[in-house]
Amino acid sequence: MSDISMVNKPSQLISKTFVSNEYNLYLHGEISHDADEYLEHFAVYHQAGPEDLIRLWIQSPGGSVSVGHQYIQHMNRCGATIVAVIGMGTASEGTAICLAADDWEVDEMSTFLVHGFSYGTYGHEAQVYNTAAFNKKLNERSLRNTYGGFLKEEEIIEALKGVDLLFDGEELMERLQSFKEYRASQPCNCGQPDCPKNAQLQALVEMEDEEDFDEMPSLQEIVANAVKDGIAAYEKSRLAAEKKSSRAKVAKPEQ
């Protein structure tokens, strides 16, 4: 074969280029009461796409529940895969942020401490009572929404009583796997009405409803079964009456 034919031979190689980014975010120390301290993190969550990976290194004892909640809102709306790398001493609102990730990296020294939130209040008696009653309801909602599927029901009740729940790395690995499976069966909490995950779950629910409906007996079958059961009950009652009557006939008269 000549050199000219080799040059003119079409290429048998087709290539595609995919661009993805990996971001490393660090959440160390107490979660600040000033959300502005996390604006760079929020910007990453906004700009990262489905092809990207965000690795969140977290070692936090907790802190502001309100800012932590806003942080989780940004995580929920992020299109990228978020992996939380859980360090030692991760506690309180820090654990809530961890559980908002899509996946986790855990080693033998990773730790979790879960409990209800703390607060203080002041004012006249009615204000203190109303604030305490409101926060009690809010605390239970927070615990159940955040740790449902991760904690058992009796553990949630213990946390509501003020008990600290501690988990080491080995326990975390088991719990997080079960939590991931549980969360996959739940609606997405990203807050977007057109979320594809919610649409998929709704389709599955409708499919299951259709299957359940197909398994239901028809009206004719229901009537036929009811008639059959009625006849059986009547025959049983008639035989019992005849048996009782026959016994009365053979009984000897009293002397």
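What do you reckon, is Ala132 under 14 Å from Arg183 (Cα atoms) and of a type in the set (A, V, I, L, M)?
Details: under 14 Å from Arg183 (Cα atoms): no; of a type in the set (A, V, I, L, M): yes.
Considered against the rule, which asks whether it is under 14 Å from Arg183 (Cα atoms) and of a type in the set (A, V, I, L, M), Ala132 comes out as no.
Residue pairs, Cβ under 7 Å, 6 or more apart or interchain, first in the stretch 151-165 and in contact (Cβ under 8 Å) with a residue 12 or more places away in the chain, second among the charged types (D, E, K, R). List them.
Ile156/Arg144; Leu160/Glu140; Leu165/Glu155; Leu165/Glu158
Within the stretch 101-127, how many residues turn out to be aliphatic (A, V, I, L, M) and over 18 Å from Asn139 (Cβ atoms)? Walk me through it before giving the result.
We begin by selecting, within the stretch 101-127, every residue aliphatic (A, V, I, L, M); these are 101, 106, 109, 113-114, 126.
Of the ones still in play, those that are also over 18 Å from Asn139 (Cβ atoms) are 101, 106, 109, 126.
The number of residues fulfilling the criteria is 4.
Out of the residues in the stretch 14-48 meeting the condition of being in a loop (DSSP other than H, G, I, E, B) and β-branched (Val, Ile, Thr), tell me which one is farthest from Glu93 (Cα to Cα).
Initially, the stretch 14-48 is screened for residues in a loop (DSSP other than H, G, I, E, B), giving 14-21, 29-30, 32-34, 48.
The next check asks that each one be β-branched (Val, Ile, Thr); those that pass are 14, 17, 19.
Details: Ile14: 49, Thr17: 40, Val19: 34 Å.
Applying the filter and picking the extreme gives Ile14.
Which one of Leu166, Leu143, Leu113 is in the same structural domain as Ala48 (by TED's automatic domain parsing) and either closer than 26 Å to Cys188 by Cβ or at pLDDT below 95 (or both)? It would help to see each step written out before you state the result.
Working: Leu166 fails: either closer than 26 Å to Cys188 by Cβ or at pLDDT below 95 (or both); Leu113 fails: either closer than 26 Å to Cys188 by Cβ or at pLDDT below 95 (or both).
Result of the check over Leu166, Leu143, Leu113: Leu143.
Just to be sure before I move on: is Asp103 under 25 Å from Gly29 (Cβ atoms), surrounded by fewer than 16 Cβ atoms within 10 Å (Cβ to Cβ), touching a residue at least 12 places away in the same chain (Cβ under 8 Å) and under 17 Å from the mean Cα position of the chain (by Cα) in the structure I sent?
Details: under 25 Å from Gly29 (Cβ atoms): yes; surrounded by fewer than 16 Cβ atoms within 10 Å (Cβ to Cβ): yes; touching a residue at least 12 places away in the same chain (Cβ under 8 Å): yes; under 17 Å from the mean Cα position of the chain (by Cα): yes.
So Asp103 fits the description; yes.
Of the conditions (1) touching a residue at least 60 places away in the same chain (Cβ under 8 Å); (2) touching a Gly at 6+ places or on another chain (Cβ under 9 Å), Phe117 clears all except one; give me its number.
Result: Phe117 passes all but (1).
Give the residue that is modelled with the lowest pLDDT, with candidates limited to residues of the stretch 211-226 that are surrounded by 10 or more Cβ atoms within 10 Å (Cβ to Cβ) and in a helix (DSSP H, G or I). Outline the logic, then answer.
We begin by selecting, within the stretch 211-226, every residue surrounded by 10 or more Cβ atoms within 10 Å (Cβ to Cβ); these are 217, 221-226.
If we keep only those that are in a helix (DSSP H, G or I) too, we end up with 221-226.
Values: Glu221: 78, Ile222: 76, Val223: 70, Ala224: 77, Asn225: 80, Ala226: 76.
So the residue we want is Val223.
Hey, could you check the stretch 75-98 for residues that are surrounded by fewer than 18 Cβ atoms within 10 Å (Cβ to Cβ) and assigned to a helix (DSSP H, G or I) and say which is farthest from the chain's Cα centre (by Cα)?
Applying the filter and picking the extreme gives Arg77.
The values are calculated or read from the model by the stated rules, or taken from the named source; none is laboratory data. This is a predicted model, so every value here is computed, not measured. Backbone-built Cβ (ideal geometry, glycine too); neighbour counts: all protein chains shown.
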